[in-house]
Amino acid sequence: MKIAVGSDHAGFELKNYVVQWLQENGHEPVDMGPFNEESVDYPDYARKVGESIVDGTCQEGVLLCGTGIGVSISANKVKGIRAALACRPEFATLARQHNNANIICFSARFTDRETIAKSLENWFAADFEGGRHERRVNKIEPCC
């Protein structure tokens, strides 16, 4: 499965870790940048990741920034994206099961590698439950 990965400068180091983790766990990461630690604007990379999912280039995505909040907000501006900030592995599971998240976001400043690895394991292992959750997810789509 092709997984788009992006970050800002604060998430650069952990982005590289995520790319490696994805490769080691049988996924095909597509690194959308940045490619060094120079200051960049997180919305640019969140948009790249989101658009790659909407256009079918990638199936899902992972985003990181200092808090994870900025990339979550930015990615969710792309129609068809449901980006969820996973502070704990349980959040990753529920983001998939209840929200059908297609992008998982992490805080580079407040999340360690072990938590990211476990969150990714949980996210990929979980399935969307549908049912009442599908009705709710359908209400998330932009109204205008």
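For the chain, what relative contact order do you get, as a whole percent, if you take Cα pairs closer than 8 Å and at least 6 residues apart?
Relative contact order comes out at 23 percent.
Sort largest first and round to whole Å: the equivalent ellipsoid semi-axes of the stretch 1-70, each the square root of five times a Cα gyration tensor eigenvalue. Intermediate values should be presented prior to the final figure.
Values: eigenvalues 66, 41, 15 Å².
Gyration-tensor ellipsoid for the stretch 1-70: 18, 14, 9 Å.
Report in % the part of the accessible area of the chain that belongs to carbon and sulfur, leaving out ligands and nucleic acids; probe 1.4 Å. Don't skip to the end; give the middle numbers.
On the way: 3520 of 7430 Å².
Summing carbon and sulfur atoms, their accessible area is 47 percent of the total for the chain.
In whole Hz, with x marking every Gly and Pro, tabulate ³J(HN,Hα) for the stretch 82-88 from phi via Karplus 6.51 cos²θ - 1.76 cosθ + 1.60, θ = phi - 60°.
Karplus values, whole Hz, x for Gly and Pro: 10, 9, 10, 7, 10, 7, 9.
Amide H to amide H under 5 Å from GLU60: which residues, 5+ apart in sequence or cross-chain, H placed 1.01 Å off N in plane?
ALA4
Can you pull the semi-axes for the stretch 47-144, root of five times each eigenvalue of the Cα gyration tensor, sorted largest first, whole Å? Each step should come with its number before you reach the end.
Working: eigenvalues 81, 55, 27 Å².
So the three semi-axes of the stretch 47-144 are 20, 17, 12 Å.
Would you mind pulling out the separation of the Cα centroids of the stretch 1-71 and the stretch 73-123, in Å?
12 Å
5 Å is the cut-off here: which amide hydrogens, built 1.01 Å from N in the peptide plane, fall below it relative to CYS105, excluding neighbours closer than 5 in sequence?
Here the answer is LEU63, ALA84, LEU85, ALA86, since their amide H atoms fall under 5 Å of that of CYS105.
The values are calculated or read from the model by the stated rules, or taken from the named source; none is laboratory data. Computed from a predicted model, the values in this text were never measured in an experiment. For accessibility, only protein heavy atoms count, side chains too; no ligands or nucleic acids. Shrake-Rupley method; radii C 1.70, N 1.55, O 1.52, S 1.80 Å.
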